[in-house]
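The values are calculated or read from the model by the stated rules, or taken from the named source; none is laboratory data. Keep in mind it's a predicted model, so treat the numbers as computed, not measured. Using ideal geometry, Cβ is built from the backbone for each residue, glycine included, and neighbour counts are taken over all protein chains shown.
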Amino acid sequence: MADTAFDVLIIGAGPGGYVTAIRAAQLGFKVAIVEREHLGGICLNWGCIPTKALLRSAEIYHYMKHAENYGLSAKDISFDATKVVQRSRGVSGRLNMGVNGLLKKNKVQIIWGEAKVTKPGEVVVADSKKAIVQPQNPPPKGVAGAGTYTAKHIIIATGARPRVLPGLEPDGKLVWTYFEAMVPKDMPKSMLVIGSGAIGIEFASFYNAMGVDVTVVEIMDQIMPVEDTEISKIAQKQLEKQGLKFRLSAKVAKLDRKANSVTATIEAGGKSEQITVDRVIAAAGVVANIENLGLEAAGVKTEKGCIVTDGFGRTNVPGIYAIGDVAGPPMLAHKAEHEGVICIETIKGLHTHPMKKDQIPGCTYCHPQVASVGLTEAKAKAAGFELKIGKFPFLANGKAIALGEDQGLIKTIFDAKTGRLLGAHMVGAEVTELIQGFVVAMGLETTEEELMHTVFPHPTLSEMMHESVLDAYGRVIHM
């Protein structure tokens, strides 16, 4: 007979859930994890990972088309959309199996199905209504699945799904969410993307690079609204040079669906225009999966569509916890993972610290890339700080010039009174890899003096981080 009693039971095997399960096992807990569809969650199967695989194909295609810029020759450049998608799905499949192996290695019991909290300490699992994506390791029949399970600690990590706007509902054929956008059977000639957050702008960048005529509609007055305005404007300028078109401070009022096209009515500044495209991607954010979990009956408090927690993953009901997207923004995989570790280590009784949301980095993998951590210039000013701001452009960096990627900017924001690093914002090649340097600096409460005295290797893109700090204090060298 399969075990039905555990110390810790986690609902959802996305990045937050499976990482928490592994850490719980390391701490000596008897652990089970319930998953209705696929190990690794949306991030690994339909989000972070496969989109990066698609964007990598687009990036290589872009460089092949511009081979002459590097003294090379490439003729008859083309792509096979089916093979591009197959590579992306293969990457996800490989990592899916990797998560399966990690859970088995750590003796975490996988329970396939849909979970509902019936009361503190008890979860009932029903057969999943979704197809379980686990081709090489199908759910064990009669071993773990539908049934009643008990656990002293229940952690909810059910993630999020695409937000659906009234009147703009996806249909899977003409109007896509990221699910359909990730597996196109062929490339449309034209496309409208609703929303310019990370999801929208990454898909816009991918399809544009593959030759699709892409227009992006954003209700705010800048693309990637959470980013620093200066960085956003630089990114927009570069994306427009590549052919992307933007409608800012605008909204899609209506979609008129034809047999194989969509006419969108776009309203902005009191005027309206119509654009006819082959396909539409609805990318207006995500909403937490809190429905049908038994939260109301268990008395778990929710607010603005998310589960309320105390910074350590604890809800208002003893023994019930929540991490990741269901526990509120920022809805990022790395936030979910770290939040899960904080939660389970707190349960164990270890000395922990609550999540510092102002030190969670954000990355957008369009071309050029965008990355940031901490306060934007506008938010730092609004908070009343007296600022010292440093900037350093890619066009003054030797490595960037050698790479043929001399467009971009590193921007650092300091508290003028204390030297505390308040925020760092970047746009340009590989900045999603660079941002962690400033994340570590903020976590260690590094001062501007310590950053200025740090030796950065040459020739690297990271030197621009150093120069940006120097610029904030009037000591920039190469500009």
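Laid out as a table, the results:
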{"quantity": "Residue identified as aromatic (Phe, Trp, Tyr) and more than 19 Å from ILE11 (Cβ to Cβ) among TYR365, TYR321", "calculated": "TYR365"}
{"quantity": "Matching helices (runs of 4 or more DSSP H) fully within the range 311-410 where at least 3 residues are β-branched (Val, Ile, Thr)", "calculated": "333-348"}
{"quantity": "Boolean, ILE275 is within 20 Å of LEU174 (Cα to Cα) and at pLDDT 95 or above", "calculated": "yes"}
{"quantity": "Matching residues, the range 33-65, being of a type in the set (A, V, I, L, M) and more than 20 Å from the chain's Cα centre (by Cα)", "calculated": "ILE33, VAL34, ILE60, MET64"}
{"quantity": "Residues of the range 334-385 classified as modelled with pLDDT under 95 and either closer than 16 Å to ILE155 by Cα or among the hydrophobic types (A, V, I, L, M, F, W, C) (or both), total", "calculated": "1"}
{"quantity": "Filter result for GLY269 (at pLDDT below 95, among the small types (Gly, Ala, Ser) and over 30 Å from GLY428 (Cβ atoms))", "calculated": "yes"}
{"quantity": "Among the residues listed as PHE392, PHE385, PHE312, the single one being without any contact (Cβ under 8 Å) to a residue 60 or more places away in the chain, of a type in the set (Phe, Trp, Tyr) and within 30 Å of GLU463 (Cα to Cα)", "calculated": "PHE385"}
{"quantity": "Pairs where the first residue, in the range 446-459, is over 18 Å from GLY374 (Cβ atoms) and in contact (Cβ under 8 Å) with a residue 60 or more places away in the chain and the second is of a type outside the set (Val, Ile, Thr) and part of a loop (DSSP other than H, G, I, E, B), C-beta under 9 Å, 6+ apart", "calculated": "PRO459/ASN397"}
{"quantity": "Cross-chain or 6+ apart pairs with Cβ under 8 Å, the range 207-219 first and farther than 11 Å from LYS189 by Cβ, then charged (D, E, K, R) and outside any helix (DSSP H, G or I)", "calculated": "THR215/LYS245; THR215/ARG247; VAL216/LYS245; VAL216/ARG247; VAL217/ARG247; VAL217/LYS251; GLU218/ARG247; ILE219/LYS251"}
{"quantity": "In the range 67-92, the residues that are surrounded by 13 or more Cβ atoms within 10 Å (Cβ to Cβ) and either among the hydrophobic types (A, V, I, L, M, F, W, C) or farther than 30 Å from THR158 by Cβ (or both)", "calculated": "ALA67, PHE79, ALA81, VAL84, VAL85, VAL91"}
{"quantity": "Cβ-Cβ under 7 Å pairs, at least 6 apart or on other chains, the range 250-274 side without any contact (Cβ under 8 Å) to a residue 60 or more places away in the chain and over 13 Å from MET191 (Cα atoms), far side of a type in the set (Val, Ile, Thr) and in a loop (DSSP other than H, G, I, E, B)", "calculated": "ALA250/ILE219; LYS251/ILE219"}
{"quantity": "Subset of the range 395-440 that is of a type in the set (Lys, Arg) and free of Cβ contacts under 8 Å to residues at least 60 places away in the same chain - its residue that is surrounded by the most Cβ atoms within 10 Å (Cβ to Cβ)", "calculated": "ARG420"}
{"quantity": "Condition check for LYS417: closer than 21 Å to LEU387 by Cβ and either part of a loop (DSSP other than H, G, I, E, B) or in the same structural domain as THR229 (by TED's automatic domain parsing) (or both)", "calculated": "yes"}
{"quantity": "Criterion (assigned by TED's automatic domain parsing to the domain that holds PHE179, under 22 Å from PRO393 (Cα atoms), over 24 Å from the mean Cα position of the chain (by Cα) and not hydroxyl-bearing (Ser, Thr, Tyr)) met by exactly one of LYS241, LYS254, LYS237, LYS258", "calculated": "LYS241"}
{"quantity": "Selected residue (only one of ILE49, ILE11, ILE42 is without any contact (Cβ under 8 Å) to a residue 60 or more places away in the chain and not basic (Lys, Arg))", "calculated": "ILE49"}
{"quantity": "Criterion (crowded, with 16+ Cβ neighbours inside 10 Å, part of a helix (DSSP H, G or I) and not assigned by TED's automatic domain parsing to the domain that holds GLU433) met by exactly one of VAL34, VAL99", "calculated": "VAL99"}
{"quantity": "Selection count where residues are touching an Asp or Glu at 6+ places or on another chain (Cβ under 6 Å) and part of a loop (DSSP other than H, G, I, E, B), scope the range 286-310", "calculated": "0"}
{"quantity": "Subset tally (residues that are on the phi < 0 side of the Ramachandran plot and touching a Pro at 6+ places or on another chain (Cβ under 8 Å)) for the range 421-436", "calculated": "5"}
